[in-house]
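FYI, it's all coordinate maths here, none of it is from the lab. Every value quoted in this text rests on a predicted model; they were computed, and no experiment measured them. Counting neighbours? That spans all protein chains shown, and the Cβs are built from the backbone with ideal geometry, glycine included.
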Amino acid sequence: MRADPRAEPRYAERIPYVVIHGEPGARLIDMVVDPLELWAMDSPFRLNDLYHINKQIIPALQRVFGLVGADLNRWFIEMPRPVREAFAKHPLSAPNAQRTRIDYYYLSKHCILCGELVQASAHICNQCLRKGASATAAVIGRTSKLEKEMQHLAAICRHCGGGD
Ligand SMILES: [Zn+2]
């Protein structure tokens, strides 16, 4: 809304969000971010898994399994789990110092057009770079195709969430 006032959600419109780990004592509203912010390569945020399990997954499962007398809350509390330190929404250190995304561990990188190996800092190999305009057209074409796929997946996601 800061960038585009007309992007304000309409009354009763459902918008995608995720809850992340916040600073101790943070209010829920301070721990809500756009899912794309969480998935960004240099995102400093970490998904608040306990919030989503306790507030969204368990209540939904409980409505089903409650019919046969199961208590999913008790079952989840009794489950052994590792203890992890909490990350703040406003980090004191560099963004995503933990580098928990799997692509950080890839040792090789490939040209996005022809698949040839390239240096870690490059996206396109020298051979494709020399093609100039045709390489540009190919990148734009692929971007358009990926954006269409992303919109299609987002539409499926909204449909499941009742956002239609
Ligand atoms: Zn190439």
Distance between modelled label sites at ASP30 and TYR17, nm, 7 Å Cα→Cβ extension: 1.5
Can you give me the distance in nm between label points at LEU129 and GLU147, each placed 7 Å from the Cα along the Cα-to-Cβ direction? 2.5
If the range 107-164 were replaced by its equivalent ellipsoid, with semi-axes equal to the square roots of 5 times the Cα gyration tensor eigenvalues, what would those be, largest first, whole Å? 32, 15, 6
In debye to the nearest 20, the charge dipole size for the range 107-164, taken about the Cα centre with +1 at each Lys and Arg Cβ and -1 at each Asp and Glu Cβ, equals 180
